[in-house]
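The values are calculated or read from the model by the stated rules, or taken from the named source; none is laboratory data. This is a predicted model, so every value here is computed, not measured. The area values use the complete protein model at the heavy-atom level, side chains included, leaving out ligands, DNA and RNA. Shrake-Rupley method; radii C 1.70, N 1.55, O 1.52, S 1.80 Å.
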Amino acid sequence: MTQTNTGLRVDFVSGAVAHRLRFGGGRGQALAKAMGLRAGKTPMIVDATAGLGRDAFLLASLGAQVTLIERSEKMHALLADGMERAAQEGGVFREIMGRMTLLQGDAKELLPDLAGEAVLIDPMHPPRKNSALVKRELRQVREIVGTDEDAVELMQTALKHARNRVVLKWPAKADPMEGIRTCSHQIMGKSTRYDVFMVG
């Protein structure tokens, strides 16, 4: 399965993802710092809300072993297809795919058994004023995966089971997520911020 009727396709080999791989700034990027990648330290990461798989791909490209969890069957199929095509490219793409493991299911049920050092949670956010392309793509993803009504519950599960840290990817100007404790620190990007919760 390469496309849904929305025309959405997961592509790790070309476009923005490949550009970020080549010119993204390595471990100095906000996401990498938030997840705890630094010289000599590469945590085992669980991406509990895989979506298009771009954050997982970036982290795997920096050497991390990443387990992706996606509960939408349709999104999971798109991811599996994209990962298979990337692996067939060979070279660096095959190497990166070798560090990515894709699971289908509810992260709240899977997280307790995964014992990830660092858990990334990127719930579907309210629509942002951004470029038409991003809005269209996000809208397509939202049509497939729905809104994450249980994001607070997922955060609580992650905070209980992560070994080192939980990172919430959140719109830069949004209020903190209600119903969970205050984060340890934040790493700011342009339109996104990473709320980092140190645990254990």
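Per DSSP helix of 4 or more residues, -39500 (n - 2.57); summed, then divided by the residues of the chain. What does that give at 222 nm, rounded to the nearest 500?
-11500 deg cm²/dmol
Considering just Cα atoms, how many Å³ per residue does the convex hull of the chain enclose?
116
Write down the percent of antiparallel bridges among all DSSP beta bridges whose residues are both part of the chain, to the nearest 5.
In the chain, DSSP labels about 45 percent of beta bridges as antiparallel.
Which residues' amide hydrogens lie under 5 Å from the amide hydrogen of Val119, considering only partners 5 or more residues apart or on another chain, with H built in the peptide plane?
For Val119, whose amide H was placed from the backbone, the distant partners under 5 Å are Val46, Arg165, Val166, Val167.
Over the chain, with the other protein chains present, what is the accessible area per residue in square angstrom, probe 1.4 angstrom?
Each residue of the chain exposes 50 Å² on average to a 1.4 Å probe.
Could you tell me what percent of the accessible area of the chain is made up of carbon and sulfur, with a 1.4 Å probe and every protein chain present?
About 50 percent, which is the carbon plus sulfur part of the accessible surface.
Keeping every protein chain in place, order His19, His161 by accessible area at 1.4 Å, biggest value first, i.e. largest first.
Ranking His19, His161 by accessible area, largest first, yields His19, His161.
Only Cα pairs within less than 10 Å get springs; with that Gaussian network setup on the chain, which residue of Val66, Val13, Val119 has the largest fluctuation?
Val13
Which pairs, out of Lys160/Lys190; Lys74/Lys190; Lys108/Lys169; Lys41/Lys108; Lys74/Lys108, put more than 22 Å between their alpha-carbon atoms?
Lys160/Lys190; Lys74/Lys190; Lys41/Lys108
Counting only DSSP beta bridges with both residues in region 1-113, what percent are antiparallel, rounded to the nearest 5?
Of all bridge pairs located within region 1-113, approximately 10 percent are antiparallel.
Rank Ala115, Ala162, Ala60 by mean-square fluctuation in a GNM of the chain with C-alpha springs under 10 angstrom and give only the top-ranked residue.
Ala115
Could you go through region 179-184 in sequence order and give the Karplus-derived ³J(HN,Hα) for each residue, using 6.51 cos²θ - 1.76 cosθ + 1.60 with θ = phi - 60°, rounded to whole Hz, and x for Gly and Pro?
Taking θ as phi minus 60°, the curve returns x, 10, 5, 5, 6, 6 Hz for region 179-184.
Pick from Ile187, Ile69, Ile121: which is most flexible by mean-square fluctuation in a GNM of the chain where alpha carbon atoms under 10 Å apart are linked?
Most flexible of the set in this elastic network: Ile187.
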